[in-house]
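First comes the structure, then the notes that go with it.
The values are calculated or read from the model by the stated rules, or taken from the named source; none is laboratory data. Please read these numbers as outputs of a predicted model, since none were measured by experiment. Please note: Cβ atoms are built from the backbone with ideal geometry, for glycine as well, and neighbour counts cover all protein chains shown.
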Amino acid sequence: MMQWENLISAKRWGVESNDLQDQDKARSQFQRDYDRLIFSSPFRRLQNKTQVFPLPGSVFVHNRLTHSLEVASVGRSLGTIFYNNLKKQEPNLDQRLPLISETGNIVAAACLAHDMGNPAFGHSGESALSRYFTDGDGRQYRQHLTDEQWHDLIHFEGNANALRILTHPFTGKGNGAFALTYTTLAAIVKYPCAAIAGHVKGNIHQKKYGFFQSEQASFQKIAEELQLIKTQDSPLIYKRHPLVYLVEAADDICYSIIDLEDAHRLKILSYEKIEELLLPICNSSRLAGWLNSEFEDEDAKVGLLRAKAINNLITACSQIFLENQEAILSGNFNQSLTDVLPEPFGAPWQAITEISRQKIYNYQSVVQIEVAGYQVMGGLLEEFILALLHNDNHYYKKLVAMIPKQFISKNPGLYYQIQSVLDFVSGMTDLYAVELYRNIKGISFPAIH
């Protein structure tokens, strides 16, 4: 069984020898993690990455940055409620576990970073990058790579890419990368296994995967320090860090509820449908009457329903986490917290999931940007991978010169050179990817600034 004494550590990646004592009078070690993330370039770029609906438009909808900020807010509440409830059970908790009071800050920081590895073009961005290797010209590289490396490429995973962004010593960026705490890094990794061991139905920690081959040793170092449960050496598989469940719940709550709010603003779903879906989760006999008597603006009504629903879901999920703490610490809790929501929340939660699939994720503009993403991302990989691997003519040299030096790997191996291009392309915003694609394909010409 995992132990909180080991699971919460202020040791920092890349600067392990540094003094762990808090020398910052304003912030704890984990609040520093949060601040480092929020001021970083990869985080800022999320403002121009699609969450679900295309950007920009005349109607404001969420992008990956606003989504991540909201997830962090919910995550902090989940972590803080867990700590407060745990302390009620054990009044001397802080003496036994001095860092357990930081749970809310740890979860908030991990939530802030959870989408940093996701490429442009919404939910299809990962598939668009993978498709180049499964169905495009990238198939030619299969015979030159190991099975483990190939699975990294044919199942590009944003969660694994986030760990890479936060731990990899990119050229000129300093060996410590972000130098986040081990616990914050572990709390980001939803699927702590290698790609070749991922995509196993029925195992929540293997639903996808959490680290590329290039970061496997890094994650193993983190896991051993925190004493996560290892279930297999080859391919490498661990059980989740317990706080992953809270990060996952915060993400689930936000995108499920907030997508409804965006869908209403875009007139995809009527106010009546939103009320039908959210009122049961609000679980208030007086709320419907109050909405009808005190509010005229439908957006304001939806905002109140959203706030009440999120509050109740936070309370329910934090209670589920507390009640199942032993199973979670033992690595035996094989569901997300939202999968086991009790009534009156369970049935309406499933209804929201179903209508989101039917009406939101298959909405015309959502599908259009995802299809465009396949063309743009595939086209960029096609041009830049060939250029970097060959770099033997004037055209290729011009393309290679466009790749920032921080992404150029010093390792000459094929896998690492392909990763250089994936690092470059996956970090692009929607707008930059489209602009660059149009320019290098000759569809439009760059303006002179």
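Overview of values
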| quantity | calculated |
| --- | --- |
| Residue within region 311-333 that is closer than 30 Å to Gln89 by Cβ, touching a residue at least 12 places away in the same chain (Cβ under 8 Å), surrounded by fewer than 14 Cβ atoms within 10 Å (Cβ to Cβ) and acidic (Asp, Glu) present | yes |
| Condition broken by Lys208, with the remaining ones in (1) modelled with pLDDT of 95 or more; (2) crowded, with 19+ Cβ neighbours inside 10 Å; (3) part of a loop (DSSP other than H, G, I, E, B) satisfied | (2) |
| Candidates Ser218, Ser234, filtered to the one that is of a type in the set (Ser, Thr, Tyr), farther than 24 Å from Gln51 by Cα, assigned to a helix (DSSP H, G or I) and not assigned by TED's automatic domain parsing to the domain that holds Ala288 | Ser218 |
| Some residue of region 345-352 being of a type in the set (A, V, I, L, M, F, W, C) and without any contact (Cβ under 8 Å) to a residue 12 or more places away in the chain | no |
| Residue that is surrounded by the fewest Cβ atoms within 10 Å (Cβ to Cβ) [pool: residues in region 261-296 that are basic (Lys, Arg) and in a loop (DSSP other than H, G, I, E, B)] | Arg286 |
| Condition broken by Val400, with the remaining ones in (1) β-branched (Val, Ile, Thr); (2) farther than 24 Å from Glu275 by Cα; (3) in contact (Cβ under 8 Å) with a residue 60 or more places away in the chain satisfied | (3) |
| Search result, residues across region 142-159 that are more than 24 Å from Ala113 (Cα to Cα) and either touching a Phe, Trp or Tyr at 6+ places or on another chain (Cβ under 7 Å) or among the acidic types (Asp, Glu) (or both) | Arg142, Leu145, Asp147, Glu148, Gln149 |
| Test: residue in region 151-173 that is more than 28 Å from Arg44 (Cα to Cα) and in contact with a helix residue (DSSP H, G or I) (Cβ under 9 Å, 6 or more places away or on another chain) | yes |
| Among the residues listed as Pro342, Pro348, the single one being more than 16 Å from Asp262 (Cβ to Cβ), loosely packed, with under 14 Cβ neighbours inside 10 Å and not basic (Lys, Arg) | Pro342 |
| Matching residues in region 94-123 - criterion: being without any contact (Cβ under 8 Å) to a residue 60 or more places away in the chain and either at positive phi or surrounded by 20 or more Cβ atoms within 10 Å (Cβ to Cβ) (or both) | Gly104 |
| Restricting region 153-185 to residues that are closer than 26 Å to Ser101 by Cα, touching a strand residue (DSSP E or B) at 6+ places or on another chain (Cβ under 9 Å) and of a type in the set (A, V, I, L, M), the residue that is surrounded by the fewest Cβ atoms within 10 Å (Cβ to Cβ) | Ala179 |
| Odd one out for Pro91 among (1) touching a residue at least 40 places away in the same chain (Cβ under 8 Å); (2) in a loop (DSSP other than H, G, I, E, B) | (1) |
| Region 29-51, subset of a type in the set (Ser, Thr, Tyr) and part of a helix (DSSP H, G or I), residue nearest to Ile106 (Cα to Cα) | Tyr34 |
| Some residue of region 125-139 being under 13 Å from the mean Cα position of the chain (by Cα), closer than 18 Å to His199 by Cα and of a type in the set (D, E, K, R) | yes |
| Helices (runs of 4 or more DSSP H) within region 321-417 that include 1 or more residues assigned by TED's automatic domain parsing to the domain that holds Leu431 | 364-390, 394-401 |
| From Lys308, Lys267, Lys301, residue being outside the structural domain of Lys190 (by TED's automatic domain parsing), without any contact (Cβ under 8 Å) to a residue 60 or more places away in the chain and in contact with an Asp or Glu (Cβ under 9 Å, 6 or more places away or on another chain) | Lys301 |
| Filtered residues of region 58-88 (kept if crowded, with 20+ Cβ neighbours inside 10 Å and outside any helix (DSSP H, G or I)) | Val61, His62, Asn63 |
| Options Ser214, Ser218: the member that is modelled with pLDDT of 95 or more, of a type outside the set (Val, Ile, Thr) and touching a Ser or Thr at 6+ places or on another chain (Cβ under 6 Å) | Ser218 |
| Scope region 211-256; condition in contact with a Leu (Cβ under 7 Å, 6 or more places away or on another chain), buried (at least 21 other Cβ atoms within 10 Å of the Cβ) and within 13 Å of Ala197 (Cα to Cα); matching residues | Phe211, Tyr238, Lys239 |
| Pick from region 380-418, criterion more than 26 Å from the chain's Cα centre (by Cα) and hydroxyl-bearing (Ser, Thr, Tyr), ranking: surrounded by the most Cβ atoms within 10 Å (Cβ to Cβ) | Tyr396 |
